[in-house]
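The values are calculated or read from the model by the stated rules, or taken from the named source; none is laboratory data. These numbers come from a predicted model, not from an experiment. Glycine gets a Cβ as well: all are built from the backbone with ideal geometry, and neighbour counts include every protein chain shown. To get the accessible areas, we keep the full protein, side chains included, count just its heavy atoms, and leave off ligands, DNA and RNA. Shrake-Rupley method; radii C 1.70, N 1.55, O 1.52, S 1.80 Å.
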Amino acid sequence: MRRGRSSTVAHGIPASYDRIIRLWVLRVLVTLGGHKNLIGDRGSNDDSIMEYIGLGRFCRRGEFDPGAARAALWAKHEQAESRAAALPVDTALAQNLLWLGEMAGLSPVETELLHFNVLRAQHPALESVLSMLGNITLSGIESLFSKVLGLPMASVRQALRSEGKLSQAGLVRFNLQNRWSFENKVEMLPGLADNLSVRHRNPYQLFSKSFTEAPRASLAMSDYPHLRKDLQILEPFLRDALAFRRTAVNILVHGLPGGGKTQFARMLAKQLGCTLFEVATDGDEGEPLAGELRFRSYRLSQAILQGSAQHLILFDEVEDVFRRSHRDPFAERGNSSGIKGWINRMLEGNPVPTFWVTNSLEAIDQAFIRRFDYVLEIGIPPRSVRAKILDGYLADLPVSSTWKASMAEHEELTPAVVERAAKVVQFLQQDGSGLDSAAALARVMGNTLEAMGCAREPRGNATMVTDYRPEVLNTDCDLAVVKTGLLAHGQGRLCLYGPPGTGKTAFGRYVSEVLDRPLIVKRASDLQSMWVGQAEKNLARMFKEAEQENAVLLLDEADSFLQDRKGAQRSWEISQVNEMLTQMEAFKGIFIASTNLMDTLDEAAMRRFDLKIRFDYLKAEQAWLMFQDMAKRLNLKAEASDQASLRALSLLTPGDFANVVRQTRLRKIESAKELVTRLAAECEVKREGRRKTIGF
């Protein structure tokens, strides 16, 4: 004799359900033959069930008469059938199922099947007696629901179909392929039974464990100037889709973590006047939900929200859903790929427009990507947007505009990094810690950025230590004419070449100031990567950022990406040059490339530059102008003899003067003659200077 559960009390189930549940239990035992596993030759196999149906006397010590026990069971069954009661309609569960049925479009039979399964999940005796049926076939599960609930077989068969509302909404999964026990044959969405059994203020609270209304966006379209062209397409597209209730509308948003992808979706929903619902990512205990469970929650959100034309869905962190390694154990018959097959169909017929958000585009099969209506990358915001983000999050903190402008230069600074750092420092301010806000922010942001593999602080632009004077640049064309042309047309591709220090980079900065445009300075080391193909992506991102910012793009050490392909030894060397040439061809702004190795550049690259400008060593009169400026700055008196000494230095560049100015921080210059000596030393360390010194 086996003792069953210590208690058959079903917590949370009103007493009004007792009669109908007792009838179901007796039907399982008598009509479906469950008694064979309950009543043995020597006693009952589950005393708790015997106690529940009123046959506890057969569990007492003494002689056991199986025939008498079965006769008593039949009598209990006949009595229950004669007093059969309908499902209550005034309970919290009944009210919630009414809401759910209306929102999901469930038939009366589907609603009753769901009603039964909620009670089964919470009632120990009903759950135990169903397990006594052993492994069940497809026809067995159909017969079970038909006979226990008194429903027409055809209606039950219709409700169990994979195309039925219960399955499509992800409310209940029916495995119709294998011989399994009831609990493995029929599985409810986790947490749904508990949520349906308590009262709620509104229908949407029923699904709080699966999807919830998103927080309202705090940003507007004006906060996304770098995505203006995308928004010009997306906003009217979604507005039309909502107005005409179009199906299969899906937007894939991807990019680095913390870049503002979720905020973008919230902003667009706000702009459209819609309510955005987000698929849950965490369970009751705060644990992350498995991809397959989140997938079912998404299916439920589609089924519930399709009744309104003013709803949008956000499915964040979808990498797990799309990974090919996942397989749905409850996949439909004939669908060998499980989830993959369903996703293909969902993307071709989902009723509610959806934002699918991911940090990893590589995790998504190409077969899926081509089914999205619009694919949008949200990377690190451009400088102007980073400045706006800093202003917004740091508005209540005593941080100078100069510090914020400097921090906005950090090219890896994401909204998430700023938001979290601001939260930490605001707490410190409230506690009266007395810490310097800017220093604390720099520390918090720097720690996060460093952990992400980025620099702690913005690299920033080099500080000019000498006055910039175009007339002291020794070039083979009139820079004033070039400047006028750039002002008039607003675009151009310039290649600046010549010895180091001759003013190539400084000219790029000068152009940005004259045109009143932002300047984006990149070096080859910023773009190279140990990963094959990443440098090409970095190049594309560089040109895209310059276009978004309407900035002057200056690439130092450009020869790294413009090497003659004839001498390439590796495939990636060729692909990098190809990408560079493609981006140059498509770029409509001002691109300035500087190099010290003109002779090594690819011929095709040379053809793509509008102008090739050589920057050479200073002429004698130019060197004298710079010498006089520096002498004045250092309070030195320049003599005519100094001009004669300077004339002998044929390798002088503006960069040499800048180096000597920096030296004065460590070694003060006492006279103009010493200044000439320092400049001569700069010339001697150059390769050409060393050759002259040793007689070549």
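Antiparallel beta bridges, as assigned by DSSP with both residues in the chain, represent about 25 percent of the total such bridges. Using heavy atoms of the protein chains and a probe of 1.4 Å, the accessible area assigned to Val481 is about 100 Å².
Could you calculate the contour length gain from Lys632 to Thr31, that is, 0.36 nm times the residue separation minus the distance between their Cα atoms, to one decimal place in nm? Could the numbers behind the result be given before it?
Numbers: separation 601, 0.36 × 601 = 216.36 nm, distance 10.92 nm.
So the chain would gain 205.4 nm between Lys632 and Thr31.
Report in % the part of the accessible area of region 354-458 that belongs to carbon and sulfur, leaving out ligands and nucleic acids; probe 1.4 Å. On region 354-458, the fraction of accessible area on carbon and sulfur atoms equals 49 percent. Distance from the alpha carbon centroid of region 68-122 to that of region 375-393 works out to 55 angstrom. Only the Cβ atoms of Lys and Arg (+1) and of Asp and Glu (-1) were treated as charged; on that basis the dipole of region 67-177 about its Cα centre amounts to roughly 280 debye.
Each of Trp403, Leu376, Gly446 was scored by the projection of its Cα onto the charge dipole of region 370-507, and the greatest displacement toward the positive side belongs to Leu376; charges sit on the C-beta of Lys, Arg, Asp and Glu. About the centre of its Cα atoms, region 534-629 shows a dipole size close to 280 debye [charges on the beta carbon of Lys, Arg (+1) and Asp, Glu (-1) only; nearest 20 debye]. Think of region 85-167 as a dipole: +1 on every Lys or Arg Cβ, -1 on every Asp or Glu Cβ, centred on the Cα centre; then among Thr111, Gly134, Ala121, Gly134 lies furthest on the positive end.
Of the whole protein surface, Trp624 contributes about 40 Å² of accessible area at a 1.4 Å probe radius.
The mean sequence separation of alpha-carbon pairs under 8 Å and at least six residues apart, normalised by the residue count of region 399-548, gives a relative contact order of 17 percent. Please work out the FRET efficiency for the pair Ala309 and Gln430, using the Cβ-Cβ distance as r and a Förster radius of 35 Å; give the result to the nearest 0.05. It comes out at approximately 0.20. Dividing the summed -39500 (n - 2.57) terms of all DSSP H runs of n ≥ 4 by the residue count of the chain sets its mean residue ellipticity at 222 nm at -14000 deg cm²/dmol.
Probe radius 1.4 Å, ligands and nucleic acids ignored: give me the carbon and sulfur share of the accessible area of region 496-610 as a rounded percent. Can you show the working numbers first?
Values: 2490 of 5180 Å².
Carbon and sulfur atoms account for 48 percent of the accessible area of region 496-610.
A Cβ-based charge dipole, computed about the Cα centre of region 584-696 with Lys and Arg at +1 and Asp and Glu at -1, lands at about 320 debye.
Here the accessible area is traced with a 1.4 Å probe on the protein chains. For region 206-258, carbon and sulfur cover 57 percent of it. Take the Cα pairs of the chain, get the Kirkwood Rh, then feed it into Stokes-Einstein at 25 °C and 0.890 mPa s and tell me D in µm²/s. In µm²/s, the coefficient is 77.
Does region 1-135 classify as rounded, prolate or oblate by the C-alpha gyration tensor (a ≥ b ≥ c root eigenvalues; a/c under 1.5 gives rounded; else a/b over b/c gives prolate, otherwise oblate)? Here region 1-135 falls in the prolate category.
Could you report the chain's accessible area per residue, 1.4 Å probe, as an integer in Å²? It amounts to 48 Å² per residue over the chain.
Report, in whole Å, the centroid distance computed from the Cα atoms of region 470-493 and region 584-617. Each part reduced to its Cα centre gives a spacing of 14 Å.
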